[in-house]
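The next block holds one structure in the form of structure tokens; read it before the comments.
The values are calculated or read from the model by the stated rules, or taken from the named source; none is laboratory data. Being a predicted model, the structure only gives us computed values, none of them experimental. Note: ideal-geometry Cβ built from the backbone for every residue, glycine included; neighbour counts use all protein chains shown.
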Amino acid sequence: MDFSSKLLENAVSEMSQLPGIGKRTALRLVLHLLKQPLQQTEALSASLLTMREQINFCKNCHNLSDIELCEICASHNRNEKIVCVVEDIRDVMAIEATSQYRGHYHVLGGKISPMEGIGPLDLTVDSLVQKVKNGTIEELIFALSSTMEGDTTNFYIFKQIEPYEIITTTIARGIAVGDELEYADEVTLGRSILNRVPFENSLKNS
């Protein structure tokens, strides 16, 4: 792709580094920004910089938050004794969109994947196990994607907390095997949360 401007080429190059954005899409977005008022581009740039510099991770669940404790963990209307274990913030948003879950979350920050060099120490597993040890959780819901990596992560956490008296469940398999949680429709995901099953049952069926 030939560019008449080095400035344009640099902007397209940076834009194309975003997930799912190829060179042609990046060029279309950059050219769109060029047609907009300068204030709009400045506002976009400022919002991205502010987010990058000021956003926090909730000290309790590791969800993204503007302050030390996210709105979900700070809410008195949520059941802190039920914790849903998810991969990242996109899964929190997907489950929240169903309006079927009123507990807390624990965001792992990924899944165990030896192929990608991601092990348990790269995730927030230790802080989750510590919560269980402290006796503050009555039920742990495994809501990771139905992939080999998701199942491996579920099993690893299950073995870590097995010595403690806690209910472990997993979302019902309305989510197809191999599907990512964030792409499930709200009705299916909501039913999967409501119809969750004991985690031990999923081990027998796998």
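Tabulated results
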{"item": "Failed criterion for residue 82 (all others in (1) at pLDDT 95 or above; (2) surrounded by fewer than 15 Cβ atoms within 10 Å (Cβ to Cβ) hold)", "result": "(2)"}
{"item": "Region 139-150: number of residues that are assigned to a loop (DSSP other than H, G, I, E, B) and in contact (Cβ under 8 Å) with a residue 60 or more places away in the chain", "result": "0"}
{"item": "Single match in 136, 153 (criterion: farther than 30 Å from residue 49 by Cβ and assigned to a helix (DSSP H, G or I))", "result": "153"}
{"item": "Complete set of residues in region 113-129 that are part of a loop (DSSP other than H, G, I, E, B) and surrounded by 15 or more Cβ atoms within 10 Å (Cβ to Cβ)", "result": "123, 124"}
{"item": "Residue among 64, 44, 48 that alone is under 30 Å from residue 33 (Cβ atoms) and in contact with a Phe, Trp or Tyr (Cβ under 8 Å, 6 or more places away or on another chain)", "result": "64"}
{"item": "Region 47-61 - residue that is of a type in the set (S, T, N, Q) and within 26 Å of residue 125 (Cβ to Cβ) and, of those, surrounded by the most Cβ atoms within 10 Å (Cβ to Cβ)", "result": "60"}
{"item": "Cross-chain or 6+ apart pairs with Cβ under 7 Å, region 60-74 first and at positive phi, then among the β-branched types (Val, Ile, Thr) and surrounded by 13 or more Cβ atoms within 10 Å (Cβ to Cβ)", "result": "62/107; 62/124"}
{"item": "Some residue of region 94-101 being part of a strand (DSSP E or B) and of a type in the set (Gly, Ala, Ser)", "result": "no"}
{"item": "Filtered residues of region 1-42 (kept if loosely packed, with under 13 Cβ neighbours inside 10 Å and part of a loop (DSSP other than H, G, I, E, B))", "result": "1, 2, 4, 5, 17, 18, 19, 20, 22, 36, 37"}
